[in-house]
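Here the structure comes first, spelled out in structure tokens, and everything after it is commentary.
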Amino acid sequence: MTPDSVLSIFQHALEVVLIMIVVILIPALVVGLLVSMFQAATQINEMTLSFIPKLIATVLTLMLAGPWLLRLLIDYTQRLVHDIPYLIG
């Protein structure tokens, strides 16, 4: 294994992780921003008001994007396992 191949594997793994994190976090951040704007407009300072919508948005995102995220992870893992002979020899 050359250092270039190790860096390539590591770079692709980071790309997959970054895509998975962004897909899950962006909807929660948007919902959090909207709830914060609502709280600022109505002067409601309830902590659960900001937590519950973000939790629901995250769960819905995982339900909708979960199969795609799982397929992304499976494809990366299969490609990595398939490339083992080329990486060793």
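With point charges of +1 on the Cβ of Lys and Arg and -1 on the Cβ of Asp and Glu, referenced to the Cα centre of the chain, which listed residue (Ala40, Gln78, Leu29) lies farthest in the positive direction of the dipole? Of the options given, the answer is Ala40.
Do the sum for the chain: with -39,500 (n - 2.57) for every DSSP H run of n ≥ 4, divided by all residues, what is the mean residue ellipticity at 222 nm, to the nearest 500 deg cm²/dmol? Roughly -32500 deg cm²/dmol at 222 nm, from the helical runs in the chain.
Read the figures in this text as sums done on the coordinates, not as results from a lab. Just so it is clear, the structure is predicted and the values come from calculations on it, not from any experiment. Positions of Cβ are generated from backbone atoms using ideal geometry, with glycine treated the same way; all protein chains shown enter the neighbour counts.
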